[in-house]
Amino acid sequence: ALILLVAFAVTMALQARRIAKERDRANREAAASERVADFMTQMFKVSDPGETRGNSVTAREILDKASKDVDSGLANDPQLQAQMMNTMGTVYENLGLFGQAEPLLRHALEIRRQILGNSNKDTLKSMYQLSEVLTWKGDAAEAEKLCRESFEGRKTVLGLENRDTLTSMNWLVWILFIEGQYPEAEKLARQTVETTRRALGPQDKVTLSAMG
């Protein structure tokens, strides 16, 4: 009876602990969602609504305003701030505005390095995305360094056959090609094609990119 009583007490204590952790996580997620909602609301806020009535406001104008406000608007939550910076930097990159994308992605990477460390998957994602932008801007040397770091980190954390790892691997081939390092680029490209075919299939976009 004593053993059963102790076992029951331990079980209840563990359950209570788990419930408390889940409640705390839910509260944190709710608070983060509220901060994002507030920030998004501010993105669309204008100083004088009467001035813009009937006039169009472009997505680029909204994005430019948000990129200026993200430092102060989310200063109390650096992890969320880095996430928003990374998202906005990616949007700028997709628009071909690499000069605007670089400082946001660089700042996001700095924050994530400090808070999450170099081996965190979000930090590795920031490394990769910044390497893309730097490649397009013509800074192949720094791009190669960051891309190698993201590839090696993802290979360790996620495994070689993970999609993100293979994406970094494939982009590194492209950087090496740009730099004229053809023997290394070819060797790595053949490895990438072989691995992507096996892991993702012959028709996957990463595989097709590697073949190209």
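Derivation of every value follows stated rules applied to the coordinates shown; laboratory data play no part. Just so it is clear, the model here is predicted, and its values are computed rather than measured. Heads up, the Cβs are rebuilt from the backbone with ideal geometry, glycines too, and the neighbour counts pull from every protein chain shown.
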Across LYS125/LYS187; LYS21/LYS155; LYS68/LYS145; LYS121/LYS145; LYS137/LYS205; LYS121/LYS187, pairs whose alpha-carbon gap is larger than 22 Å: LYS125/LYS187; LYS21/LYS155; LYS68/LYS145; LYS137/LYS205; LYS121/LYS187
Specify which residue in the list GLY99, ALA185, THR165 is farthest towards the positive end of the charge dipole of the stretch 86-195, using unit charges on the beta carbon of Lys, Arg (+1) and Asp, Glu (-1), about the Cα centre. THR165
Given a Förster distance of 35 angstrom, what is the FRET efficiency for ARG197 paired with GLU22, based on the Cβ-Cβ distance and rounded to 0.05? 0.25
Simple SL model, points at 7 angstrom along Cα→Cβ for TYR182 and VAL157; separation in nm is 3.6 nm
Proximal charge balance of ARG17 [Cβ under 15 Å; K/R count +1, D/E count -1]: +2
